[in-house]
Amino acid sequence: GAVEAGTSGGRTSCGRDLGRLSHLRMSDLEQRRLLKRLDACLKRPENQLCADCPSRQPRWASVNLGIFICTNCSGIHRSLGVHISFVRSTTLDTWKEKQVVDMETMGNDRANAYWEARLPPGAKPTSSALPVVEKYIRAKYDRKMYVDSTRDGPTRGDGSGGSVASTPAVAPAVAPAVAPAV
């Protein structure tokens with residue numbers, strides 16, 4: 001009886017281990033799929049530049065803001081605190097389905113249409129100089145100096161990219177004017 005119990009227990013334990021390994025492989029596969037979707041977001045024209053400075057090919061993201069940012073700006077965003085900006089690497093960190101969907105339905109153009117709606121001409125940094133960019137990012141997200149105060153937040157899209165104007169949040173209240181008869 002003791003030998004059978006040990007053998008049976010071994011098989012059960014081994015079965016559980018295999019189940020865990022299978023789960024890990026599925027998790028790795030799912031992560032690869034999620035990272036591939038993030039990479040597709042990064043290839044969209046509106047996400048080719050950092051949301052906050054002119055740096056090309058950002059590889060970091062602020063998940064809750066829905067923006068792609070460069071390495072320098074990611075450090076500044078981290079210093080704001082996770083209650084303002086939750087920063088993840090698009091290549092090194094583990095992502096969840098909802099986080100990727102949030103990035104797919106936002107993007108730099110949509111987010112900036114809200115966060116930079118009242119941005120004065122010349123206020124956005126034209127270089128990646130840290131002191132200038134840090135001052136700008138703090139004004140933009142912490143103090144909310146440039147937001148569209150008529151809205152509660154940025155308008156999410158359907159995940160296909162594009163600007164806010166291409167998919168309005170609310171249908172026009174009035175019918176379009178009819179052209180006069182000739």
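The values are calculated or read from the model by the stated rules, or taken from the named source; none is laboratory data. From a predicted model like this one, the values you see are computed outputs, not experimental measurements. FYI the Cβ positions are ideal-geometry reconstructions off the backbone, even for glycines, and counts take in every protein chain you see. We work out accessible area using only protein heavy atoms, side chains counted, and drop any ligands, DNA or RNA first. Shrake-Rupley method; radii C 1.70, N 1.55, O 1.52, S 1.80 Å.
Things to note:
- Residues of the stretch 134-159 that turn out to be part of a helix (DSSP H, G or I), in contact with a Leu (Cβ under 9 Å, 6 or more places away or on another chain) and among the hydroxyl-bearing types (Ser, Thr, Tyr), as a count: 1
- Matching entry among Ser149, Ser128 (being closer than 16 Å to Ile76 by Cβ and polar (S, T, N, Q)): Ser128
- Of Asp142, Asp109, Asp52, all but one fail to be under 23 Å from Thr155 (Cβ atoms), over 15 Å from the mean Cα position of the chain (by Cα) and among the charged types (D, E, K, R); the exception is Asp142.
- Pick from the stretch 153-168, criterion modelled with pLDDT under 55 and of a type outside the set (A, V, I, L, M), ranking: most open to solvent (accessible area, probe 1.4 Å): Pro168
- Beta carbons closer than 8 Å, at least 6 apart along the sequence or on distinct chains, pair a first residue in the stretch 63-83 that is within 15 Å of Val132 (Cα to Cα) and free of Cβ contacts under 8 Å to residues at least 60 places away in the same chain with a second that is among the aliphatic types (A, V, I, L, M) and surrounded by fewer than 24 Cβ atoms within 10 Å (Cβ to Cβ) for Ser74/Val87.
- Scan the stretch 88-104 for residues that are of a type in the set (A, V, I, L, M) and touching a Leu at 6+ places or on another chain (Cβ under 9 Å) and the total you get is 2.
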